[in-house]
Amino acid sequence: MIRILQVVNDMHRAGLETMLMNYYRNIDRERVQFDFLTHRPEKSDYDDEIVSLGGKVYYAPRLYPQNYPAYFKYMKQFWAQHPEYKIVHSHIDSMSYLPLLTAKKAGVPVRIAHSHNTSIDKDFKYILKQLFRYGINSVANYHLACGSEAGRFLYRNDDFKVIPNAVDAEQFYFNADVRAAKRKELGLTAQFVIGHVGRLSYQKNHGFLLKIFAEIVKKEQNAILLLVGTGEKEQELRALVEQLALNNQVVFLGNRSDVAELYQAMDVFVLPSHFEGIPVVGVEAQFADLPCVFSDKVPSEVAFSAKVCFLPLSDSPEAWANRIIACRGQERSSDRNEIVNSHYDIKTAYKILQDYYLAF
């Protein structure tokens, strides 16, 4: 058996983390085992499941600039204590530069960077992240990406291999009984339900989504917007909801373990992101046979359903609202013929990553 050290920020329920767990649950763990190096001091949503599957979870210092001396000290000790790791696989985009630099210094032979995005959040580490982005090829000797645009963004002219952001498709197939039960649980009867799943952050562009929804409500008074997720923008977004007088029609659901059922309750899924790699939620929504309206900043390679359309962020909120309303009432089917061969189904995709590791 080989043990792969997966490097992440944390293992809470979010797109990248859920994708990793999809691979972990399906991979042959007699041959390939995952362990996780996180950068948060507390336990995450998936930690107990990781341990139950035979994995280990380590907690490194957070990657704040003021923590770098402590971080490098921790990582030097970590590699000295864990010579068993010959493959390290880092998923934190340009910030992967730091753990992979320590791995290189420690002589870890296989150092994999994995690109999951096509841009960088403009936070207080923005300049550092840009520097690390340009240094990534000097510390990673193998390159993976969730899609071609994400790969070109992080590695520029260097080669990379695409690993699909695959999900357990069967969890998401449309089921009319589940839809009825979940809508009843949420107190939804004839409402027109627009859904969004994603961290409440700049990347996901919720402010624009709320302006779109305000236009929808002018035309469809019974519309409801379900927001699944938490994040640093939550208070700002709640204030905007109040400002737009949408308190009774926007529902903040927080982080949920029943996302697969929530897709069933929705009528249209909307993702107006500023940037994306390959959004896992966009894959899940398609498997649920939901009409999907994505921004033109979402790579088109995510689409495998005929019910997906892409709109420019330069279009007005009213134009977006009209397109979303036009999706209302589309019949959803549990017929899997259209999607059964999608390379985003983990039942077949897991072998791509398993064979990749076993080739070393």
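Which residue fluctuates the most in the chain, going by a Gaussian network model with Cα springs under 10 Å, if the choices are 223, 113, 288?
Top of the fluctuation ranking is 223.
Say the cut-off is 21 Å between C-alpha atoms; which of 129/351; 211/297; 105/351; 56/76; 184/218; 204/347 go over it?
Numbers: 129/351 32 Å; 211/297 18 Å; 105/351 31 Å; 56/76 19 Å; 184/218 25 Å; 204/347 28 Å.
Among 129/351; 211/297; 105/351; 56/76; 184/218; 204/347, the Cα-Cα distance tops 21 Å for 129/351; 105/351; 184/218; 204/347.
Pulled fully out, how much extra length does the chain show between residue 122 and residue 56, if you take 0.36 nm times their separation in residues and subtract their Cα-Cα distance? Could the numbers behind the result be given before it?
Numbers: separation 66, 0.36 × 66 = 23.76 nm, distance 3.23 nm.
So the extension gain works out to 20.5 nm.
What's the whole-number percent of alpha carbon pairs in region 180-245 lying beyond 18 angstrom? Working shown, then result.
Numbers: 861 of 2145 pairs.
Every Cα pair in region 180-245 considered, those over 18 Å come to 40 percent.
Restricting attention to the alpha-carbon atoms of region 245-360, what are Rg (one decimal) and Dmax (integer), both in Å?
16.2, 57
If you roll a 1.4 Å probe over region 25-120 with all protein chains in place, what percent of the accessible area is carbon or sulfur?
On the way: 2120 of 4120 Å².
Exposed carbon and sulfur together represent 51 percent of the surface.
Among 349, 225, 324, which residue has its Cα furthest toward the positive end of the charge dipole of the chain, with +1 on Lys/Arg Cβ and -1 on Asp/Glu Cβ?
Towards the positive end, the residue furthest out is 349.
Answer with one residue from 146, 167, 124: the one whose Cα lies farthest towards the positive end of the charge dipole of region 117-179, charges on Cβ with Lys, Arg +1 and Asp, Glu -1.
About the Cα centre, the residue reaching furthest to the positive side is 124.
Grab the other residues whose beta carbon is less than 12 angstrom from that of residue 257, score K and R as +1, D and E as -1, and report the net.
On the way: positive: 13, 256; negative: 45, 49, 258, 261.
Result for the neighbourhood of residue 257: -2.
Top mean-square fluctuation among 266, 95, 75, Gaussian network model of the chain, C-alpha springs under 10 Å?
75
How far is helix 346-358 tilted off the main Cα axis of the chain, in degrees rounded to 10, range 0 to 90?
20 degrees
Rounding to the nearest 20 debye, state how big the charge dipole of region 1-53 is about its Cα centre with +1 on each Lys and Arg Cβ and -1 on each Asp and Glu Cβ.
Details: 7 positive and 10 negative charges, 32 e Å.
Using Cβ point charges on Lys, Arg, Asp and Glu, region 1-53 gives about 160 debye.
Send over a whole-number figure in Å² for the accessible area per residue of the chain, probe 1.4 Å.
On the way: 15330 Å² over 360 residues.
So the chain comes to 43 Å² accessible per residue, rounded to a whole number.
What does the charge count near residue 355 come to, summing +1 for each Lys or Arg and -1 for each Asp or Glu among other residues with Cβ under 13 Å from its Cβ? Don't skip to the end; give the middle numbers.
On the way: positive: 31, 161, 351; negative: 28.
Net charge around residue 355: +2.
Using amide H atoms built 1.01 Å from N in the peptide plane, name the residues 5+ places from residue 250, or on other chains, whose amide H lies under 5 Å from its own.
For residue 250, whose amide H was placed from the backbone, the distant partners under 5 Å are 225.
Among 216, 240, 201, which residue has its Cα positioned farthest towards the positive end of the charge dipole of region 168-258, with +1 placed on the Cβ of Lys and Arg, -1 on the Cβ of Asp and Glu, and the dipole taken about the Cα centre?
216
Given a 1.4 Å probe and every protein chain left where it sits, what share in percent of the accessible area of region 162-291 is carbon and sulfur? Intermediate results must be reported in sequence, preceding the final value.
Numbers: 2190 of 4780 Å².
The computed percentage sits at 46.
Suppose only helical runs count, i.e. DSSP H with n ≥ 4. What mean residue ellipticity at 222 nm does that imply for the chain under -39500 (n - 2.57) per run, divided by all residues and rounded to the nearest 500 deg cm²/dmol?
Per the formula, -11000 deg cm²/dmol.
Using the crude model of +1 on Lys and Arg Cβ and -1 on Asp and Glu Cβ, and no other charge, please compute the dipole size for the chain relative to its Cα centre, in debye to 20.
Dipole size: approximately 1000 debye.
Can you list which of the GluC sites (Glu not before Pro) found in region 3-102 are DSSP loop residues with at most 10 other C-beta atoms within 10 Å?
Passing sites in region 3-102 are 30, 42, 84.
Comparing 306, 260, 321, which has the greatest mean-square fluctuation in the GNM of the chain with Cα pairs linked when under 10 Å apart?
306
Could you give me the ³J(HN,Hα) list for region 146-159, computed from phi with Karplus coefficients 6.51, -1.76, 1.60 and θ = phi - 60°, whole Hz, x at Gly and Pro?
Once rounded to whole Hz, the list reads 7, x, 5, 5, 5, x, 5, 5, 7, 9, 6, 8, 7, 6.
Enter the angle in degrees (range 0 to 90, nearest 10) between the Cα long axis of helix 206-219 and the first principal axis of the Cα atoms of the chain, meaning the one along which they spread out most.
That works out to roughly 10 degrees.
Would you please state the base-10 log of I(q)/I(0) at q = 0.09, 0.19, 0.20 1/Å for region 50-189, with intensities from the Debye formula using one equal scatterer on every alpha carbon?
Here the Debye-derived log intensity ratios amount to -0.40, -1.13, -1.21.
For region 31-108, just run the numbers: alpha carbon Rg, then divide by 2.2 N^0.38 Å, N being how many residues it has.
For region 31-108, the normalised Cα radius of gyration is 1.10.
Calculate how steeply helix 15-26 sits against the longest principal axis of the alpha-carbon atoms of the chain, using the helix alpha-carbon long axis, and give the answer as 0 to 90 degrees to the nearest 10.
Orientation of helix 15-26: about 70 degrees from the principal axis.
Compare 351, 125, 105 by solvent-accessible area with a 1.4 Å probe and give them largest first, with all protein chains kept in place.
On the way: 351 100, 125 25, 105 160 Å².
So the residues, ranked largest to smallest area, are 105, 351, 125.
5 Å is the cut-off here: which amide hydrogens, built 1.01 Å from N in the peptide plane, fall below it relative to residue 7, excluding neighbours closer than 5 in sequence?
37, 89, 90, 91
With a cut-off of at most 15 other beta carbons within 10 Å, and DSSP calling the residue loop, which GluC sites (Glu not before Pro) in region 268-360 qualify? Please list them.
Working: sites: 276, 284, 301, 318, 331, 338; in loops: 276, 331, 338.
Of the GluC sites (Glu not before Pro), the ones in loops of region 268-360 whose Cβ has at most 15 other Cβ atoms within 10 Å are 331, 338.
Sort 258, 35, 123 by accessible area with a 1.4 Å probe, largest first. Write out the running numbers ahead of the final one.
Details: 258 25, 35 0, 123 60 Å².
I get 123, 258, 35, largest accessible area first.
In percent, how large is the relative contact order of the chain, given Cα pairs closer than 8 Å and 6 or more residues apart?
On the way: 655 pairs, mean separation 59.0, N = 360.
Value for the chain: 16 percent.
How big is the charge dipole of region 1-140 about its Cα centre, in debye rounded to the nearest 20, if each Lys and Arg gets +1 on its Cβ and each Asp and Glu gets -1 on its Cβ? Working shown, then result.
Numbers: 19 positive and 14 negative charges, 121 e Å.
Using Cβ point charges on Lys, Arg, Asp and Glu, region 1-140 gives about 580 debye.
Which net charge results when you count Lys and Arg as +1 and Asp and Glu as -1 among the other residues whose beta-carbon is under 14 Å from that of residue 177?
Values: positive: 179, 182, 183, 184, 332; negative: 185, 261.
Computed value for this residue: +3.
The values are calculated or read from the model by the stated rules, or taken from the named source; none is laboratory data. Given the structure is predicted, the values throughout are model-derived calculations rather than measurements. Cβ: placed from backbone, ideal geometry, glycine included. Neighbour counts: every protein chain shown. Each accessible area value is taken on the protein alone, full model and side chains, heavy atoms only, with ligands, DNA and RNA left out. Shrake-Rupley method; radii C 1.70, N 1.55, O 1.52, S 1.80 Å.
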